[in-house]
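**Student:** Can you keep this structure in mind? I'll have questions shortly.
The numbers here are math on the coordinates, done by the rules we state, and not lab data. Being a predicted model, the structure only gives us computed values, none of them experimental. Quick reminder, even Gly has a Cβ in these numbers, built from the backbone with ideal geometry, and neighbours come from all protein chains shown.
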Amino acid sequence: MGSRYGGLKQLDGVGPDGETIMDYSVFDAARAGFGRVVFVIRRDFEADFRARVLSRYADHIPTEVVFQSMDDLPDGFTCPPGRTKPWGTNHAVWMARHAIREPFAVINADDFYGRDSFATLARALAETAGREGDYCMVGFRVGNTLSPSGTVSRGVCTTDAKGYLTGVVERTAIARVDGQVRFTDEHGTPQVLPDDTPVSMNMWGFTPDYFAHTETYFRRFLTEHATDERAEYYIPWAVNELITSGTARVRVLDTTSSWFGVTYAEDRAEVVRRLRALTDAGEYPATGLFQSIR
């Protein structure tokens with residue numbers, strides 16, 4: 001809804017030629033080798049979305065729209081009366097179960113991930129050759145995800161010796177202080193994070209078997225939390241269950257890309273500045289972003 005931002009930030013033109021952040025993600029994904037885009041949206045802004053977003057991609061990359069419905073739940077479950085909050089990111093992914101039959105990436109529509117992150121993820125998905133339970137995620141270097149406007153919260157990742165995810169711990173109030181990335185842990189002790197510490201920015205790579213797994217865990221979630229109007233079914237929760245049970249493994253991929261996004265209206269000016277700088281540096285076309293994609 002973009003309540004803190006003051007509008008639908010996914011449709012806000014922030015690029016030099018009026019591009020949305022989503023446009024840059026689609027462009028980067030297409031030139032990395034992804035062949036189709038599935039958008040998960042609310043039905044009530046379908047008309048705006050088709051007119052202002054999908055029209056940009058016509059004749060450049062195949063697209064499909066699916067709708068996140070509060071009532072689209074596994075058999076045997078119904079949406080509790082009065083629930084208005086969406087069921088969460090993993091429910092949104094599950095909405096695409098009928099549209100996707102190949103290895104796929106998951107991203108947030110209002111986050112800028114950068115060219116290298118899509119190229120890295122595309123290579124990893126190609127290397128798995130569709131092996132079930134062989135997933136991946138892009139681990140952004142924490143130093144590349146900070147905000148000049150204040151502190152941030154990040155899911156700090158730990159990995160084993162082979163680079164596979166072993167856990168994600170949410171850390172809050174992360175900021176650069178005296179040249180170091182710092183946060184205060186749950187015991188009130190100041191801690192330092194190396195700049196290259198991987199953090200999750202919700203950029204995942206899955207194979208289609210993930211849909212069946214996420215439905216299984218969604219049933220558990222609904223059984224335990226359906227009456228809690230604030231509870232949401234998040235991707236990391238299901239991924240953690242898959243890892244700890246030995247059902248799947250998740251390779252953490254390093255990227256040189258810098259993440260940025262818009263949470264508050266005040267963030268917009270910085271996003272506009274950074275996109276202009278990337279365009280001036282030749283990373284993106286100044287006009288006609290999709291003209292080079294066929």
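**Student:** Which whole-number percentage describes the relative contact order of the stretch 161-294, with Cα contacts under 8 Å and a sequence gap of 6 or more?
**Tutor:** 20 percent
**Student:** Can you figure out the FRET efficiency of ASP209 with ASP178, using R₀ = 35 Å and their beta-carbon distance, to the nearest 0.05?
**Tutor:** 0.15
**Student:** Here's something else I'd like to know. For PHE260, list long-range residues whose amide hydrogen, built 1.01 Å from N in the peptide plane, is under 5 Å from its own amide hydrogen.
**Tutor:** Here the answer is PHE112, since their amide H atoms fall under 5 Å of that of PHE260.
**Student:** So what is the 222 nm mean residue ellipticity for the chain from helices alone, if each DSSP H run of at least 4 adds -39500 (n - 2.57) and you divide by all residues, rounding to the nearest 500 deg cm²/dmol?
**Tutor:** Value at 222 nm, helices only: -7500 deg cm²/dmol.
**Student:** Now for a separate question. Pick from LEU253, LEU73, LEU125: which residue has the top mean-square fluctuation in a GNM of the chain where Cα pairs under 10 Å get a spring?
**Tutor:** Ranking LEU253, LEU73, LEU125 by mean-square fluctuation puts LEU73 first.
**Student:** Pick from GLU170, GLU132, GLU186 the residue whose mean-square fluctuation is largest in a GNM of the chain, springs joining Cα atoms under 10 Å.
**Tutor:** Of the options given, GLU186 has the highest mean-square fluctuation.
**Student:** With no solvent and one equal point scatterer placed on each C-alpha of the stretch 156-294, evaluate the Debye formula and give log10 I(q)/I(0) for q = 0.15, 0.21 Å⁻¹, two decimals.
**Tutor:** -1.09, -1.29
**Student:** Counting pairs of alpha carbon atoms under 8 Å apart in space and at least six apart in sequence, what relative contact order in percent does the chain give?
**Tutor:** 27 percent
**Student:** Compute the projected area of the convex hull of the Cα atoms of the stretch 1-156, averaged over all viewing directions, and report it in nm² to one decimal place.
**Tutor:** 11.8 nm²
**Student:** Can I ask one more? Looking at the chain as a GNM with Cα springs under 10 Å, which of GLY246, GLY188, GLY133 has the largest mean-square fluctuation?
**Tutor:** For the chain, modelled as a Gaussian network with Cα springs under 10 Å, the answer is GLY188.
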